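The values are calculated or read from the model by the stated rules, or taken from the named source; none is laboratory data. In this text, all values refer to a predicted model and were calculated from it rather than measured experimentally. Reconstructed Cβ throughout: ideal geometry from the backbone, glycine too, with neighbour counts over all protein chains shown. Quick note on the areas: whole protein, heavy atoms, side chains included, nothing else; ligands and nucleic acids left out. Shrake-Rupley method; radii C 1.70, N 1.55, O 1.52, S 1.80 Å.
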Amino acid sequence: MSDLDLIITNVSVVLDGHDEPQPVDIGIKDGRFVALEPGLDPASAAEVVDAGGKVAFPGVVDGHQHWGIYNPLPEDAASESRACAQGGVTTALTYMRTGQYYLNKGGPYADFFPEVLELTEGRALVDYAFHLAPMSKQHIAEIPSLVTEHGVTSFKVFMFYGSHGLHGRSADQSSFLMTPEGERYDYAHFEFVMRGIQRAREENPELADRISLSLHCETAEIMAAYTKMVEEDGTLTGLPAYSASRPPHSEGLAVTIASYLAHETQLPTINLLHLTSRKAVEAALTMAAAFPHIDFRREVTVGHLLADCDTAHGVGGKVNPPLRPREDVEALWSFVLDGKIDWVVSDHACCKDEMKFGEDREDVFLAKSGFGGAEYLLAGMVSEGSRRGLSFGRIAALTATNPAARYGLGGSKGAIRVGLDADVALVDVDHAWTVRAEESESTQEYTPFEGAKLTAKVTDTFLRGLRIMADGVVSTGAPTGRYLPRPQ
């Protein structure tokens, strides 16, 4: 009888504590890493995979996706998890809320979330978990039970929903968010969400450091005024117009407000999502210095690192917050290289062509917000990051180790380490290729990265030791992805 189920050999492995990959074999048994050492005996394994000299990264823990926002949730769980596998993403943490989009219903999470779990069960090719957004007083009261009964330890506030819709101005907040009559989704609500999460932390001290709040930081009033100015002026069009309509200081102001509320409510576990600009990150760093007792984490997306509003492929690049000019892209990279950013995500939100574009396909203000990108996350970071001097060890931390630890998955995911789930992405770090939407496993027919030249490619993906992509071909077998109650 074989001692091991699988050995991956002829491979360089990105291990904890090492900037550069190490020449060790990977031994896997019962879905977990059990040996990481050179010269494992091939005869001791039921199967041996020759990696051909590729680099093994920990399977990506993509901390920010949106399954079911524009397409039925079961469909997205199936198709977009295939895009995940294509990009080396083995764990997807996806945002979910009540209201328009997603399941298009309101009500308590006690009813809503079991339906979410039922709709996704048996559909996903990769493992997954959910962040939930408390949209009402009732949801705030449910936070403790969501933690203890469903293993949901991360929550979200969309700061701009106060008087802005998902794609632009909104005159009817309550119908968009499907909140109870008389309730508002505003700064006071955000404060009470923070107090509710802090109560859950105090009631579960052993979990406290893994219960956190994430915030989409933009200021509705600034955006509403600037959208009107940009449209009336008419000089700018396309993605540059959208960036100007949601200016960087709107992000910075929202970061400042969120940070003070965290201080006021004594909630120390705050994640500042998809920061897109120098002003936003500088505001975040200023707040970290002002409130050193708050454990801030700062996130950027691969889209904001690879594309800018002037060179992205068309209006399909509309996203919230917007793609920015090149100087902001370069600023984000400088913060990544300086260790000021904690993780990088895809913010994957599949929006098909028929949904994305309005009657005038060139009118950015009529287009829907969001696009996919999980399939380019690791390849993009290795391609562009290594060119800029970012070590492979740091890339692994940004794409897997750090988000796994923060979101309660550090005991099973996020690193190639004995005892953890055997999630691996094999990367050919010397493979030049051009991004083409038609080659993606996502059901989205376009990408703002169209034509981008990358120099690294994910070729094989393993989920708990099972190869779900081999030589660039995603498995057509039965999905084996599992819901991950946290912490793990």
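Taking a sphere under 9 Å around the Cβ of SER475 and counting the other residues whose Cβ falls inside, with K and R at +1 and D and E at -1, yields a net charge of +2.
Give me the extension gain from GLU221 to LEU117: residue separation times 0.36 nm, minus the current Cα-Cα distance, reported in nm with one decimal.
Working: separation 104, 0.36 × 104 = 37.44 nm, distance 3.55 nm.
The GLU221-LEU117 span can extend by a further 33.9 nm.
Once you have a ≥ b ≥ c as the square roots of the Cα gyration tensor eigenvalues for the chain, tell me rounded if a/c is under 1.5, and otherwise prolate or oblate according to whether a/b is larger than b/c. Mind showing how you got there, number by number?
Working: a/c = 1.64, a/b = 1.37, b/c = 1.20.
It is prolate, given that a/c is not under 1.5 and a/b is the larger ratio.
Phi-derived couplings, Karplus 6.51 cos²θ - 1.76 cosθ + 1.60 at θ = phi - 60°, listed residue by residue for segment 404-413: 4, 5, 5, 8, x, 10, x, x, 9, 10 Hz, with x used for Gly and Pro.
Taking 0.36 nm per residue of sequence separation and removing the Cα-Cα distance, the SER145/HIS249 pair yields an extension gain of 33.8 nm.
Rounded, prolate or oblate, given the Cα gyration tensor of segment 364-409, with a/c below 1.5 counting as rounded?
Details: a/c = 3.21, a/b = 1.45, b/c = 2.22.
Oblate, since a/c reaches 1.5 and b/c is not below a/b.
Lysine pair count for segment 271-412 (Cα-Cα distance under 27 Å; residues 8 or more apart in sequence or on different chains): 9.
Excluding the site residues themselves, the longest part of the chain lacking any GluC sites (Glu not before Pro) in a DSSP loop with at most 10 other Cβ atoms within 10 Å is 1-180. Amide H to amide H distances under 5 Å link HIS64 with LEU93, SER346, ASP347, where only residues 5 or more positions off or on other chains count and H is placed in the peptide plane.
Placing a pseudo-label 7 Å from each Cα along the Cα-to-Cβ vector at ALA290 and THR237 gives an inter-label distance of 4.0 nm. For the chain, take the longest principal axis of its alpha carbons; what is the angle in degrees between that and the long axis of helix 137-150, to the nearest 10 within 0 to 90? Between the helix axis and the principal axis of the chain, the angle is about 10 degrees. Return one number: the angle in degrees, 0 to 90 and rounded to the nearest 10, between the long axis of the Cα atoms of helix 73-86 and the longest principal axis of the Cα atoms of the chain. Once rounded, one gets 50 degrees.
Would you mind working out the accessible area per residue for the chain, using a 1.4 Å probe, and quoting it in Å²?
Per residue, the chain has an accessible area of 36 Å².
In this calculation the C-beta distance from MET229 to ASP50 is compared with R0 = 51 Å, giving a FRET efficiency of 0.30. Kindly express, to the nearest 10 degrees and within the range 0 to 90, the angle between helix 187-203's C-alpha long axis and the longest C-alpha principal axis of the chain. That works out to roughly 40 degrees.
List the relative contact order of the chain as a percent without decimals, with contacts defined as Cα pairs under 8 Å and 6+ residues apart.
Working: 1186 pairs, mean separation 106.3, N = 488.
Answer for the chain is 22 percent.
Using R₀ = 30 Å, calculate the FRET efficiency as 1/(1 + (r/R₀)^6) where r is the Cβ-Cβ separation of GLU183 and ASP363; round to 0.05. So the FRET efficiency works out to roughly 0.35. Residues of segment 392-423 with an amide N closer than 14 Å to a point placed 7 Å from the Cα of ASP30 along the Cα-to-Cβ direction: 419-422. In the assembled protein chains, LEU306 presents an accessible area of approximately 50 Å² (probe radius 1.4 Å). When the Cα gyration tensor is reduced to axis lengths a ≥ b ≥ c, the ratio a/c is 1.5 or higher for segment 58-212, and with a/b not above b/c it is classed as oblate.
In this simple spin-label model, placing a label point 7 Å from the Cα along the Cα-to-Cβ direction at both GLU202 and GLU354 gives a separation of 5.2 nm. For the chain, adding -39500 (n - 2.57) for each run of n ≥ 4 DSSP H residues and dividing by the number of residues yields -9000 deg cm²/dmol at 222 nm. Computed on segment 48-131, the Cα convex hull volume stands at 97 Å³ per residue.
Of the residues ARG394, ARG199, ARG417, the one with the largest accessible area comes first in the ranking ARG199, ARG417, ARG394, computed with a 1.4 Å probe on protein heavy atoms.
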